[in-house]
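Novice: For reference, the structure I am asking about is given below.
What follows is calculated from the coordinates using simple rules that are stated; it is not laboratory data. Just so you know, these numbers come straight off a predicted model, no measurement behind them. Note that each Cβ is placed from the backbone with ideal geometry, even for glycine, and that neighbours are counted across all protein chains shown.
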Amino acid sequence: MDRKRVDGWIAAYERAWRTPGTDPLVTLFTADATYRQGPYWTPVVGLPAIARMWEEQRKGPDEVFQLASEIVAVEGDTAVARLEVRYGDPVDQEYRDLWIMRFAEDGRCRSFEEWPFWPGQQPANPPDRP
């Protein structure tokens, strides 16, 4: 993988999120892909399960949001990106996210892990805690 291909994959992910149904997922993920929605979450395994999760998580393809991304690193088949997502107009929900993606040779993702953070979220042990 290289930065251009990862950037294209992220753009395709956003287009798929904005598209009715889950048909585009076959171009994004391998049949046996894993998708972890948080570092300690149990991974969703396989394209059918990812499609079900996808439909349960989004409000629909007409959901209003802005997505900005920055590729942090690409090494071999692994990439890390920082994203900021702002939902609504006016914005009523936002979060920052890190995506860790491992790709198959054909450019589809075989392992996806996100680390979402939102305003007001505290770390497990804040440094200012007595």
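Novice: Rounded to the nearest 20 Debye, what is the dipole magnitude of the chain about its Cα centre when Lys and Arg each give +1 and Asp and Glu each give -1 at the C-beta?
Specialist: Values: 16 positive and 22 negative charges, 26 e Å.
Charge dipole of the chain: 120 debye, to the nearest 20.
Novice: So how much slack lies between D77 and Q93, counting 0.36 nm per residue of separation and subtracting their Cα-Cα distance, in nm? All intermediate terms of the calculation are to be shown ahead of the outcome.
Specialist: Values: separation 16, 0.36 × 16 = 5.76 nm, distance 3.21 nm.
Between D77 and Q93, full extension yields an extra 2.6 nm.
Novice: Continuing with the same structure: Can you give the calculated 222 nm mean residue ellipticity of the chain, where each DSSP H run of n ≥ 4 adds -39,500 (n - 2.57) and the sum is split over every residue, rounded to the nearest 500 deg cm²/dmol?
Specialist: Working: 3 runs with 30 residues, N = 130.
Mean residue ellipticity at 222 nm (helix-derived): -7000 deg cm²/dmol.
Novice: Put a dot 7 Å past each Cα toward the Cβ at F117 and T27; how far apart are the dots in nm?
Specialist: 3.3
Novice: Could you work out the relative contact order of the chain, using alpha carbon pairs under 8 angstrom and six or more residues apart, expressed as a whole percent?
Specialist: Details: 218 pairs, mean separation 31.5, N = 130.
Relative contact order for the chain comes out at 24 percent.
Novice: To continue, here is another question. Give the average over all directions of the projected area of the C-alpha convex hull of the range 10-130, one decimal, in nm². Walk me through the numbers before you get to the answer.
Specialist: Numbers: hull surface 35.0 nm².
So the Cα hull casts an average projection of 8.8 nm².
Novice: Describe numerically, in nm with one decimal, the distance between label points set 7 Å from Cα along Cα→Cβ at K4 and at R52.
Specialist: Inter-label distance under the simple model: 4.0 nm.
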